Amino acid sequence: MLIGIALLMTFLGSLGAFFLKKSTGGSLGLRALLCNRFLYLGGVFYVAGALLNIALLHRMEYSVIYPMTAITYIWTLVLSALFLQEKITLRKLLGVAFIVFGVFLLTRG
């Protein structure tokens, strides 16, 4: 159950970053940015992820949950490929594999 919540937390964090990236797609003026719905959507996802992180820190060891936030990079790789047409390279895949392996090691101890 807690692992599922941790996965959700990392996904929300990645969505937050994705929508903040989307908010920079148009004009970069302050007024245009403040009127951009993606800015606020990104903020909502970040806050939701942070609240889940706080709840998880209450129930899990800091030395386990904090490294698990690295799973955000996996979601980011998938979202950027699907919605921003960024290329998935071998180097990126190897990096993700190391992240998954590291999280696996941390959660099995």
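Bear in mind these aren't lab numbers, they're just calculated from the coordinates by the rules spelled out. Keep in mind that this is a model prediction, so the values were computed, not measured. Every residue, glycine among them, receives a Cβ derived from its backbone with ideal geometry; neighbour counts consider all protein chains shown.
Would you please state the base-10 log of I(q)/I(0) at q = 0.20, 0.24 1/Å for the chain, with intensities from the Debye formula using one equal scatterer on every alpha carbon?
Debye output, listed in q order: -1.04, -1.23.
Roughly how big is the chain's charge dipole about its Cα centre, with Cβ charges of +1 (Lys, Arg) and -1 (Asp, Glu), in debye to the nearest 20?
With Lys and Arg at +1 and Asp and Glu at -1, about 260 debye.
Return the single residue from GLY16, GLY29, GLY43 with maximal mean-square fluctuation; model: Gaussian network over the chain, springs between Cα atoms under 10 Å.
The residue with the greatest mean-square fluctuation here is GLY29.
So what does log10 I(q)/I(0) come out to for segment 22-70 at q = 0.20, 0.28, 0.30, 0.33 Å⁻¹, using the Debye formula with one equal point on every Cα and no solvent?
For the requested q values the scattering log ratios are -0.69, -0.96, -1.04, -1.14.
Starting from segment 62-109, pick out the trypsin sites (Lys or Arg not before Pro) whose DSSP state is loop and whose Cβ has at most 13 other Cβ atoms within 10 Å.
Those satisfying the criteria are LYS87, ARG108.
Which whole-Hz ³J(HN,Hα) couplings does segment 69-84 yield from phi under the Karplus relation 6.51 cos²θ - 1.76 cosθ + 1.60, θ = phi - 60°, glycine and proline marked x?
5, 5, 4, 3, 5, 5, 4, 4, 4, 5, 4, 5, 6, 6, 10, 10
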